[in-house]
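Taken together, the values in this text are just the output of simple stated rules run on the coordinates, not laboratory data. Just so we're clear, the structure is a prediction, and the values are computed from it rather than from any experiment. When we count neighbours, we look across all protein chains shown, and the Cβ atoms used for this are built from the backbone with ideal geometry, even at glycine.
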Amino acid sequence: MAELDAESAAAHLDLPTIVIGGQSDRITPPAAAARLVELIPHAALHLLDRCGHQGPLEAGDRVNAVILSAAQSSS
């Protein structure tokens, strides 16, 4: 499988972006999520405590709350 060059793509995003990650994520560690936020204009980082790589499965209510809050604040 080809590797995704997320850093190159990130700089071209021109819309509000939420990066949601888990504090215990070993696949995409918090430092990698923070790096994406540095590269994406208008991005916000939300790290979930006691959560790994599968946030929607591990902490669905908290993921939904972050998304809902962002949607409400942008309207």
Selection from segment 12-50 of residues loosely packed, with under 12 Cβ neighbours inside 10 Å, touching a residue at least 12 places away in the same chain (Cβ under 8 Å), hydrophobic (A, V, I, L, M, F, W, C) and more than 18 Å from A70 (Cα to Cα) yields I27
Check your understanding: Scanning for something touching a helix residue (DSSP H, G or I) at 6+ places or on another chain (Cβ under 7 Å) and surrounded by 14 or more Cβ atoms within 10 Å (Cβ to Cβ), does segment 56-68 turn up at least one residue?
Key -> yes
Note on segment 18-51: residues of a type in the set (S, T, N, Q), closer than 17 Å to R62 by Cα and either under 13 Å from the mean Cα position of the chain (by Cα) or part of a helix (DSSP H, G or I) (or both) are Q23
